[in-house]
Structures are given as C-alpha cells and as structure tokens.
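Notes follow the structure.
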Amino acid sequence: MTSVSNIMNAPEDALRQQLARGVAALRLTLTPAQRSKLLGFVELLAKWNQVYNLTAVRNPSAMITRHLLDSLAVVPFIKGPRVLDVGTGAGLPGIPLAVALPDLEFVLLDSVAKKTRFVVQASSELQISNVVVKTQRVEKYQLLGCFDTVISRAFSSMTEFVTVAGALCRRNGGVLVAMKGRHPQDELAMLPPGYRIKRISRVAVPGLDEERHVVQIIRE
C-alpha cells in the first residue's frame, strides 16, 4: 500500500498519533492492525476523493477527526449481531465501526454507485471481512425486521429516517441510531407510531469543537 504521507501530504507519524490520541480519549481498545486499517481507509478515501469527490473534507487531519473519530464515538451505542448503515455514502460510519467491532455483521447501504464502488474496493483492499455493501435505495431494501441496529448520519430529520428505515429494524429490542449535531428538540414529537425515544446522549468527538448527539429510537 502506498504510504499515507504520499497520498495525503501529511506526516504519517502525526496522523497515527492523532488517531491514537482520539482512540484513547474515546476509551476504545483497538489493535495496531485495526488502527492501520483505519488509516488505510483514510488514505484510500483521500486518493479516490481526488477523482470522485466522495467527501467535502480534504484535509487528512480533518478526515481523522470528522470521519474516523466521529464514527468511532458511537461504538457504545451499537448492538449486534447485525447492523445496517443506511445512506453510508463513502462508508461512514459503517467502515470505522466494522473495523472496531469485527465480531458484528455490517450491511452498508447507499443508492449512489460511485460511493458503493469505493466502499467495496476499500473493504476488499483493507480485508474488512464483516462488511457487505449494497447499492440500493433504502425504500427498496427488503430485509425487513432483520437488524439489531440501524444507524445513519445521512438523514436531515429523525422522522424521515424512521419512516424509510424503521421497518428494517427488528421489533422488541431493535434500535435505530440517529447521529445528529445539535440536540434535536424540535423533532422529538414527530416520530411515527410504534417508535419511541430511548435516550438522547451528547457525545464528545476528540478534536471537534461542535455539538454531537446520538439519538436511540426503539422499535416497539
């Protein structure tokens, strides 16, 4: 694999240290191999981004903060064994979560083919074996009630997320996890019938001076 610094114009050691500090701040335990896969993912994302414009984030240090650490911050909210990432885009948060939680099964779903091609290539090249990638609109996806956790950071509103993805979550204990910025106070009363808020948690992403909240929604 080409070195991180050659692709991203940043010292490899500095990026490794930034990731290590962030992982420690999140109180996660990742092996050297897992950390290498995460850095490899950022390397591939930076390389593909030059041609396919997969993300607006260009700076490698910002990629680690806004993509890797932002995704890893929700590890405590993920319940398996089966997890669906809806609107995964360039594999976020699904790829970092799959690396951090290798015993769980992840399906990464997106309707944009250039993005899913990248995710397929990244998961293959980095040997992330617990990931399946699907190119499909969530409304057309038919594995109803099959997932213990359905997660997304792609939807603008919780109502839309629950409306289009809720049926994919299993009943009686399945959880939808919405990654949000500010506290979604205005959205709390607009959930469809059969769903209820379990908890809203504020999370701190190392190096990011912005609000982040995780909303857990139970399918009853």
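Which condition number in (1) within 25 Å of residue 209 (Cα to Cα); (2) of a type in the set (Asp, Glu); (3) free of Cβ contacts under 8 Å to residues at least 60 places away in the same chain is the one that residue 70 fails? All conditions are met except number (3). The residue that is surrounded by the fewest Cβ atoms within 10 Å (Cβ to Cβ), among those in the stretch 132-159 that are small (Gly, Ala, Ser) and in a loop (DSSP other than H, G, I, E, B), is 156. Looking only at the stretch 71-81, residues that are open to solvent by 10 Å² or more (accessible area, probe 1.4 Å) and either under 19 Å from residue 127 (Cα atoms) or among the polar types (S, T, N, Q) (or both) come to 0 in all. One residue alone among 129, 123 is open to solvent by 80 Å² or more (accessible area, probe 1.4 Å), closer than 30 Å to residue 24 by Cα and among the polar types (S, T, N, Q), and that residue is 129.
Scanning the stretch 166-211 for residues that are out of contact with any helix residue (DSSP H, G or I) (no Cβ under 7 Å at 6 or more places or on another chain), touching a residue at least 40 places away in the same chain (Cβ under 8 Å) and open to solvent by 30 Å² or more (accessible area, probe 1.4 Å) yields 170, 171, 172, 204. If you go through the stretch 40-85 and keep only what is in contact with a Ser or Thr (Cβ under 9 Å, 6 or more places away or on another chain) and among the charged types (D, E, K, R), you end up with 43, 47, 66, 79, 82, 85. Within the stretch 103-119, being closer than 25 Å to residue 31 by Cβ and either part of a strand (DSSP E or B) or in contact with a Ser or Thr (Cβ under 8 Å, 6 or more places away or on another chain) (or both) holds for 105, 106, 107, 108, 119. Only one of the numbered conditions (1) open to solvent by less than 50 Å² (accessible area, probe 1.4 Å); (2) modelled with pLDDT under 95 is violated by residue 26, and that is (2).
The set of residues from the stretch 41-58 being closer than 11 Å to residue 15 by Cβ and not aliphatic (A, V, I, L, M) comprises just one member, 43.
Of all residues being assigned to a loop (DSSP other than H, G, I, E, B) and touching a strand residue (DSSP E or B) at 6+ places or on another chain (Cβ under 9 Å) in the stretch 192-218, which is farthest from residue 67 (Cα to Cα)? Just the residue, please. The selected residue is 194. Select from the stretch 1-23 the residues that are at pLDDT below 90, in a helix (DSSP H, G or I) and open to solvent by less than 30 Å² (accessible area, probe 1.4 Å) and write down the one among them that is nearest to residue 127 (Cα to Cα). By that ranking, first place goes to 4.
Within the stretch 103-114, the presence of a residue that is crowded, with 22+ Cβ neighbours inside 10 Å and in contact (Cβ under 8 Å) with a residue 60 or more places away in the chain is excluded.
Evaluation of residue 97 against the conditions (1) open to solvent by 10 Å² or more (accessible area, probe 1.4 Å); (2) in contact with a helix residue (DSSP H, G or I) (Cβ under 9 Å, 6 or more places away or on another chain); (3) not in a loop (DSSP other than H, G, I, E, B) shows that the sole unmet condition is (1).
The values are calculated or read from the model by the stated rules, or taken from the named source; none is laboratory data. Keep in mind the model is a prediction, meaning the values are calculated, not measured. In this analysis, Cβ positions are derived from the backbone assuming ideal geometry, glycine residues included, and neighbour counts consider all displayed protein chains. Each accessible area value is taken on the protein alone, full model and side chains, heavy atoms only, with ligands, DNA and RNA left out. Shrake-Rupley method; radii C 1.70, N 1.55, O 1.52, S 1.80 Å.
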